[in-house]
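Notes to accompany the following structure.
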Amino acid sequence: MYPITLNKVNIVRRAFCFKFQELSPTFPLCLWSCNVYCHTSAKDVLQLQEQKGTSNSQVTKRRKKQRPSCPLVLNHFDKQYSEELGDLWAPARTVLLDPHSWQYGVMLNRFSSAKDITQILQSQGFSSLLLQSDIPTLLSSGPSEVSSSAYEAGNKSLQQLHCIPECSPNNRTSPSLSQDFQCYIHPYPVRFPSQAHRPGHLKQYYLLNAASLLPVLALQVRDGEKVLDLCSAPGGKAIAIMQCATPELLCCNELDPHRRAWLSRTLESFLPHSLSTKVIVSAQDGRSFGQSESRVYDKVLVDAPCSNDRSWLYSSSSQKGEQQLKERARLPALQAQLLKSALLAVRPGGVVVYSTCTLSSAENYAVVETVLKDCPQAEPEDLWDEIAIPLSKYFTFRPAHPDHGQTLQKPSLQSHNGTVSCYHHRLGILVVPQPGKTWGPMFLSRIRRKK
Ligand SMILES: C[S@@+](CC[C@H](N)C(=O)[O-])C[C@H]1O[C@@H](n2cnc3c(N)ncnc32)[C@H](O)[C@@H]1O
């Protein structure tokens, strides 16, 4: 063991640690580092498909038996979301109730060799998400509304590109990515086979809901920054952060010990040993970071515990559904505490991204609004122009409705580049699953600490 001091955190590091070992839950840990090699080949993927009974041509046809949805939860969603989402709810409901329609993104791991995987993906009709050519065109198109033609362009073929410039022609900051960042998507609900964890081998790709990448894009992590992933397990966004940049430090925090073990395995599966000094696992209650590590981080991601609409809809019994609906009512208070803690842990000038995978206003806009009221040093930033407009060909976005949250009819705000930005755009943007663009639910909001 090599105890080292990092800022105000004592970190216990174990190099070459293949197995997760539980230490005190209050102790930050680094457990994932190991000797890893990246030798899974295209042959392995094809074998994997065969083992799972899915040849290339069969991938689209495979059908799992569908679990029934929980009527209690569905009824609750119907009442709440028809009010909050209006016309978008009926198609969103159709998607949520049909897991066979769900699309999956394939994020390649830049630390493993993935050339052969790229070829397989392309041969199966996958194409690269986030195209440079989309960004300037859509940003220069002006008004803060996504045109219907932009929405409808979603299923058109995509061109290859990975690096998005830091500044658009309008001087707005656009999503910025490492040259190596690659995520492939398919217009149809094709599920690429997942790779099993193999100690000593790096996985070549991570399967995800492509909307999960948006909070990471909004975070705009740069090389050399100190980043905190406050609620990190199972680690999908931590892996995405590491595809975008090489921070000086990425602290992956997770309170739940079982999920923390899962997080450690994810990191071990995707990151080479050489990064084990930069990526650490910590076991604090996220609500305490504001005190224990005040002003330490350049960027903080709060991917908050939330009522995960996709999975909660399939609660195993009405008793479980009832329990989850009770929990749903308690979540906004926890979420607000986590967000406040993050705003204290970030340095002045740094940013916090708050995200959830629920459509619920109470866990999204209302949480942001509550926290902003208590934190005069925090300023919400407009992600509508920066993310929703450029990426609307892939995702269906919805801004906060003026009637949502606790504040009605807030005045428009002046944005940094001189254009007028609506207050409710600044509270955050919501990806609503729709047929053909089934990504989401995903809410994201970016808040800058002024001082
Ligand atoms: C939505 S999940 C995070 C998903 C993760 N960011 C990813 O992309 O894979 C939220 C996580 O927060 C954890 N959590 C819940 N309460 C917490 C707390 N008080 N402090 C830290 N983590 C917490 C949950 O156990 C859960 O793993």
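The values are calculated or read from the model by the stated rules, or taken from the named source; none is laboratory data. No experiment lies behind these values; they were computed from the predicted model shown. Heads up, the Cβs are rebuilt from the backbone with ideal geometry, glycines too, and the neighbour counts pull from every protein chain shown. The area values use the complete protein model at the heavy-atom level, side chains included, leaving out ligands, DNA and RNA. Shrake-Rupley method; radii C 1.70, N 1.55, O 1.52, S 1.80 Å.
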Any hit, region 274-297, residues being under 17 Å from Leu339 (Cβ atoms), in a strand (DSSP E or B) and at pLDDT 95 or above: yes
Pair list, Cβ < 6 Å and 6+ apart or interchain, from region 389-400 residues that are at pLDDT below 95 to residues that are part of a loop (DSSP other than H, G, I, E, B): Ile389/Val146; Ser392/Val146; Arg398/Val432
Positions within region 277-301 being open to solvent by less than 10 Å² (accessible area, probe 1.4 Å) and either within 14 Å of the ligand (Cβ to nearest atom) or within 26 Å of Gln195 (Cβ to Cβ) (or both), in sequence order: Val279, Ile280, Val281, Ser282, Ala283, Gly286, Phe289, Gly290, Glu293, Val300, Leu301
Hits in region 212-241 (condition: part of a loop (DSSP other than H, G, I, E, B), away from the ligand (no atom under 11 Å from the Cβ) and small (Gly, Ala, Ser)): Gly224
Residue check for Ser178: open to solvent by 10 Å² or more (accessible area, probe 1.4 Å), under 30 Å from Gln284 (Cβ atoms) and either at pLDDT below 95 or of a type in the set (Val, Ile, Thr) (or both): yes
